[in-house]
């Protein structure tokens, strides 16, 4: 059932979305070689909690220990932040952030390069941003979800399981960390 939101609820959701966008932007700017994924998690939690009424949405959800999900290179989604996961020059790190704000939740992800990266990785980042933009452009009242998942022939991968996302396709709503379809592996928040 579709629940229509009041103008006030939409305003609160937009406020939470701004905190979310600012968190993702801050983390994207701060990523550097030598830091751990737990460092990113600590930065995110502090930044989110510095806003009144805002909390990290993932922390404690189904027992998840982190404030964000972090995945490096071929990992797809939902990696658990760890002091043992050290970022290296040229890595691609996906940062998935959720913010709870005044009873509403926002969620977004971005993949960023750690320093300079190779041509293949840069092309991946470029193509996935283009796919995101094409998907957004396809999100019209007259289209179906399938028009968003598959646009201009761009699909990087189909998986039997997608760690809980979509209908068996990796949705390119953000720059997923896929270098090539044959080298992919999934990570799970639960191990």
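Each reported figure results from applying straightforward, stated rules to the coordinates on display, with no laboratory input. Computed from a prediction, not measured in an experiment: that's the story for all the values here. Please note: Cβ atoms are built from the backbone with ideal geometry, for glycine as well, and neighbour counts cover all protein chains shown.
List of remarks:
- Between residue 3 and residue 25, the FRET efficiency estimated from the beta carbon spacing at R0 = 25 angstrom works out to 0.25.
- Put in line by how crowded their Cβ is, counting other Cβ atoms within 10 Å and starting with the fewest, 20, 132, 92, 4 read 4, 132, 20, 92.
- Exposure proxy ranking, count of Cβ atoms within 10 Å, fewest first, for 116, 96, 41: 116, 96, 41
- FRET efficiency estimate (nearest 0.05) - Cβ-Cβ, residue 49 to residue 102, R0 22 angstrom: 0.95
- Placing a pseudo-label 7 Å from each Cα along the Cα-to-Cβ vector at residue 142 and residue 130 gives an inter-label distance of 2.5 nm.
- The calculated FRET efficiency for the pair residue 62 and residue 116, based on their C-beta separation and a Förster distance of 45 Å, comes to about 0.75.
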